[in-house]
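Chemist: Just dropping this structure here.
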Amino acid sequence: HVIHSSRERKSPFCLLLLDIDRFKQFNDVHGHLVGDKVLRFVAATLKRNLKGQDTAARFGGEEFAIILPGTDLKGGYSVAEQVRKSVSSGRLVEKEGEAAYGKITVSVGIAQFRMSDLPNTLIQRADSALYLAKKRGRDRVEQAA
């Protein structure tokens with residue numbers, strides 16, 4: 001739908017793929033109930049940082065996809081950085097003991113829609129950028145070439 005609309009209006013949009021860093025390790029150490037809290041925390045953070053027609057959805061295990069209609073690469077990068085900083089500055093604590101679980105970070109890959117894109121090519125470019133963010137040390141944003 002967004003692709004069709006962007007083609008018709010010749011307007012940009014960005015796809016962000018976001019992955020929770022070291023989520024499996026976090027789950028193994030703290031358990032799946034805490035892992036679920038982390039997923040809810042990240043989802044709530046996304047919701048707080050998105051506006052208007054921006055859409056976020058879970059995209060597999062610990063990955064989220066964010067669609068930013070009417071947004072170019074520069075704007076997408078700005079939103080991605082805002083989300084990344086917002087997640088890493090949040091604090092997830094155990095209710096009873098007030099013990100902190102440690103810092104949660106995310107890596108983000110961004111791709112701007114091209115008129116020649118099919119859904120899978122756009123996703124592949126965003127995924128490659130996400131892989132680059134992971135490879136370059138996590139807790140960062142990278143954009144597709």
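The values are calculated or read from the model by the stated rules, or taken from the named source; none is laboratory data. Note that the structure is a prediction, hence the values are computed from the model and not measured. Glycine also receives a Cβ, built like all others from the backbone with ideal geometry; neighbour counts cover every protein chain displayed. Accessible surface areas use protein heavy atoms only, side chains included; no ligands, DNA or RNA. Shrake-Rupley method; radii C 1.70, N 1.55, O 1.52, S 1.80 Å.
Chemist: What is the projected area of the convex hull of the Cα atoms of the stretch 99-139, averaged over all directions, in nm²? Don't skip to the answer; put the middle values down first.
Modeler: Details: hull surface 14.5 nm².
Approximately 3.6 nm², given one-decimal rounding.
Chemist: With runs of 4+ DSSP H residues as the only contributors, calculate the mean residue ellipticity of the chain at 222 nm using -39,500 (n - 2.57) per run, divided by the residue total and rounded to the nearest 500.
Modeler: Values: 5 runs with 68 residues, N = 145.
Result for the chain: -15000 deg cm²/dmol, rounded to the nearest 500.
Chemist: Per residue of the stretch 69-86, what does 6.51 cos²θ - 1.76 cosθ + 1.60 with θ = phi - 60° give for ³J(HN,Hα)? Whole Hz please, x for Gly and Pro, Karplus curve as stated.
Modeler: x, x, 10, 8, 4, 4, x, x, 5, 4, 5, 4, 5, 4, 5, 4, 5, 5
Chemist: May I ask you to list the residues of the stretch 115-145 whose amide nitrogen lies under 16 Å from a point 7 Å from Cα along the Cα→beta-carbon direction of residue 65?
Modeler: 117-131
Chemist: Expressed as a whole percentage, what fraction of the accessible surface of the chain belongs to carbon and sulfur atoms when a 1.4 Å probe is rolled over the protein heavy atoms? Display every interim value, and only then the final one.
Modeler: On the way: 4320 of 8280 Å².
Accessible surface attributable to carbon and sulfur in the chain totals 52 percent.
Chemist: While we're looking at this one, here's another question. Compute a Gaussian network model of the chain, connecting alpha carbons closer than 10 Å, and tell me which residue from 75, 90, 52 fluctuates the most.
Modeler: With Cα springs under 10 Å in the chain, the top fluctuation among 75, 90, 52 is at 52.
Chemist: Give me the log10 of I(q) over I(0) for the stretch 38-145 at q = 0.14, 0.15, 0.20 Å⁻¹, as the Debye formula computes it from C-alpha points; what are the numbers?
Modeler: -0.56, -0.64, -1.08
Chemist: Let me ask you something else. Roll a 1.4 Å probe over the protein chains and send me the accessible area per residue for the chain in Å².
Modeler: Numbers: 8280 Å² over 145 residues.
Result: 57 Å² of accessible area for each residue.
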